[in-house]
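The values are calculated or read from the model by the stated rules, or taken from the named source; none is laboratory data. All of these numbers come straight from a predicted model, not from anything done at the bench. Here the Cβ positions follow ideal geometry from the backbone for every residue, glycine too, while neighbour counts run over all protein chains shown.
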Amino acid sequence: MTRFTKFLLVTVLALVVFVACDGPLASALLTVDTSRCVGCGECEEVCPYNAIEVIDGDAVINPSLCHQCNRCVEVCPEGAIY
Amino acid sequence: MKLFAILLLVGTVAFGINFEGYGQMNVVSDSINYGEGLHKWGQAGFRMEGSNWDVKLDVDRVSSGEGAVVPRFYRSHLDTQLEGRINFGGFTINPEIQITKHFDSTDVVLPLFLGEGYRNSALRPGLRLSYSLPGIFEISGRGLFWKKDVTALDSDNDTEWSEMTYGGDVLWHTPIGGYLAVAGISHQTKLETLDYDQNWSRVDVSAGYEPLHFPSNTFLTAEAEYSLYTGEDYTGASLPNRFTGRLRAVQNVARNVMFNITFSQAADFYEDETRFGPFQSAIRGQYKFGGWGNVPSSIVIGGQLTESAITTRLGELEGRISIYSGLSALVTGKLWYGPSSVVNTGGYRTREIIGGGLEFRMQNGLNTFVVYEREASTLSTNEVWGKIRGGLGFYPAQF
């Protein structure tokens with residue numbers, strides 16, 4: 001596979017995501033970037049719904065309990081939740 | 001105690017056991033309200049390691065007040081986690097237990113708006129089994145169980161809150177420099193007294209490609225992941241399936257200058273429509289330069305933009321500049337824009353943090369630091385306050 005083919009594949013993948021979305025509606029399901037999360041537990045402390053646990057050094061959000069109040073986003077010192 | 005010390009010494013000498021300990025004590029106070037703003041954090045632990053096993057104990061104690069202009073979220077708790085690991089021929093057995101004791105009964109909103117409760121304590125035993133052929137194939141399975149002591153405020157009854165999660169994953173490193181992975185997780189939340197029983201599960205299918213021969217010291221990873229959800233969110237709506245595409249690049253400009261760039265975009269598939277999922281774009285640059293002894297100097301500058309139902313923007317600067325034999329100057333700076341839970345801020349606020357301090361690391365692992373930070377935040381009026389944090393610790397102490 002040439003470098004150009006790889007670049008093309010990634011570009012097409014990104015375009016498919018953009019085209020497939022109806023927008024501008026945005027999903028409210030939060031995500032944790034595990035490459036940035038340091039497992040400090042501040043999000044777990046702040047969550048009023050008991051919806052976050054730190055497991056193996058990463059925050060894990062329970063999507064059934066999460067009310068999208070975004071307090072975890074506000075306190076995360078690493079910007080790992082969005 | 002004497003018997004324990006003797007057994008530890010005999011074990012260490014006779015069976016070649018490594019024993020390593022660490023400890024850290026931090027104190028933070030700010031000028032918003034000195035009394036309530038005092039935040040104490042202590043952490044200690046040890047690790048014993050044999051030829052094919054290890055045992056680790058971590059104890060974490062946090063104590064802090066709440067209140068003042070900006071709500072503080074730290075409360076008081078004591079976390080104790082004990083973890084063991086036994087390896088034999090590629091197999092690993094990993095039992096663990098975590099005990100959390102909350103002080104001053106921290107409050108929590110119960111599911112289905114069934115009132116409020118108080119968190120008193122939690123017990124979490126778990127077990128992981130895994131097998132790996134390094135660099136080729138990995139498979140693992142895991143189960144965790146939570147028993148949470150949460151008292152309902154209205155009735156003063158125990159909610160009998162329990163949670164259980166189990167799952168597994170298979171990862172194959174392909175010979176052409178990529179990977180294929182399948183992971184699954186199932187989670188149950190149950191509050192017996194309130195008749196609440198909710199399940200959700202997720203299956204992730206992901207593939208990644210890491211070209212092995214990229215020019216000019218560039219390391220690129222492209223990942224695609226599809227997550228299939230079952231279950232409902234707090235409103236009773238079905239959880240959407242999610243597709244995520246990610247690109248990560250590490251560029252070494254010189255031997256001591258490195259850039260890390262990430263980009264990701266998700267799409268969420270609801271029953272009747274497709275929505276944009278979270279978008280993230282970030283860059284971080286690091287410059288390392290000489291220092292005294294084993295303490296190197298480094299400056300990290302980074303920025304991040306995220307978009308989902310909310311927007312965040314982050315710019316950050318971190319520096320450690322070695323001054324003299326273990327003594328370093330610390331510099332921190334952060335500019336952050338994001339959601340606000342403080343009333344009358346219009347849902348968003350900006351924080352500007354700038355600070356500096358000193359750190360001293362000794363050859364035997366002992367370290368101490370003190371940092372002063374000034375923070376300004378756009379609340380109903382622009383508020384400015386100072387924060388001082390300091391700590392003392394050692395890592396690692398070997399026996």
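In region B:268-293, of all residues being among the polar types (S, T, N, Q) and at the interface with chain A (Cβ under 10 Å from one of its Cβ atoms), the one that is nearest to residue B:359 (Cα to Cα) corresponds to B:280.
The numbered conditions (1) surrounded by fewer than 18 Cβ atoms within 10 Å (Cβ to Cβ); (2) more than 24 Å from residue A:63 (Cα to Cα); (3) not small (Gly, Ala, Ser) are all true for residue B:195 except (2).
Got at least one residue in region A:24-34 being exposed (fewer than 14 other Cβ atoms within 10 Å of the Cβ) and at pLDDT 90 or above?
Just the residues of region A:24-34 that are exposed (fewer than 14 other Cβ atoms within 10 Å of the Cβ), to begin with: A:24, A:34.
Then keep just the ones that are at pLDDT 90 or above; that gives A:34.
Yes, some residue in region A:24-34 is exposed (fewer than 14 other Cβ atoms within 10 Å of the Cβ) and at pLDDT 90 or above.
The requirement of being within 23 Å of residue B:131 (Cβ to Cβ) and of a type in the set (D, E, K, R) is fulfilled nowhere in region B:108-116; no residue meets it. When every residue of region B:249-267 is checked against the conditions, none turns out to be within 29 Å of residue B:176 (Cα to Cα), assigned to a loop (DSSP other than H, G, I, E, B), within 12 Å of chain A (Cβ to nearest Cβ) and not acidic (Asp, Glu).
For region B:194-216, the count of residues that are in contact with a helix residue (DSSP H, G or I) (Cβ under 9 Å, 6 or more places away or on another chain), in contact (Cβ under 8 Å) with a residue 24 or more places away in the chain and more than 12 Å from chain A (Cβ to nearest Cβ) is nonzero.
Scanning region B:319-351 for residues that are in contact with a Leu (Cβ under 9 Å, 6 or more places away or on another chain), assigned to a strand (DSSP E or B) and within 10 Å of another protein chain (Cβ to nearest Cβ) gives B:334, B:336, B:338, B:349, B:351. The residue that is nearest to the chain's Cα centre (by Cα), among those in region B:358-386 that are assigned to a loop (DSSP other than H, G, I, E, B) and not polar (S, T, N, Q), is B:365. Pairing residues of region A:37-50 that are more than 8 Å from chain B (Cβ to nearest Cβ) and surrounded by fewer than 18 Cβ atoms within 10 Å (Cβ to Cβ) with residues that are part of a loop (DSSP other than H, G, I, E, B) and among the hydrophobic types (A, V, I, L, M, F, W, C), at Cβ distances under 8 Å and at least 6 apart in sequence or on separate chains, gives A:38/A:80.
Is it the case that residue B:297 is more than 9 Å from chain A (Cβ to nearest Cβ), buried (at least 17 other Cβ atoms within 10 Å of the Cβ) and polar (S, T, N, Q)? When the stated conditions are applied, residue B:297 passes them. Note on region B:228-247: residues that are crowded, with 17+ Cβ neighbours inside 10 Å, part of a strand (DSSP E or B) and facing chain A (nearest Cβ under 10 Å) total 7. With the requirement that a residue be more than 7 Å from chain B (Cβ to nearest Cβ) and in contact (Cβ under 8 Å) with a residue 24 or more places away in the chain, what does region A:51-64 give you? Passing the criteria: A:58, A:59, A:60, A:61. The one condition from (1) farther than 19 Å from residue B:268 by Cα; (2) at the interface with chain B (Cβ under 7 Å from one of its Cβ atoms); (3) assigned to a loop (DSSP other than H, G, I, E, B); (4) aliphatic (A, V, I, L, M) that residue A:28 does not meet is (1). Restricting region B:186-211 to residues that are of a type in the set (A, V, I, L, M) and either at pLDDT 95 or above or in a strand (DSSP E or B) (or both) leaves a set whose member that is nearest to residue B:174 (Cα to Cα) is B:207.
Within region A:65-82, residues that are at positive phi have Cβ atoms under 6 Å from residues that are modelled with pLDDT under 95 in these pairs: A:68/A:28; A:70/B:310; A:70/B:339, counting only partners at least 6 apart in sequence or on another chain. Residues in region B:177-192 that are touching a residue at least 24 places away in the same chain (Cβ under 8 Å), crowded, with 16+ Cβ neighbours inside 10 Å and either closer than 20 Å to residue B:145 by Cβ or among the charged types (D, E, K, R) (or both): B:187, B:188, B:189, B:190, B:191. The set of residues from region B:217-234 being free of Cβ contacts under 8 Å to residues at least 60 places away in the same chain and closer than 30 Å to residue B:113 by Cα comprises B:227, B:228, B:229, B:230, B:231, B:232, B:233.
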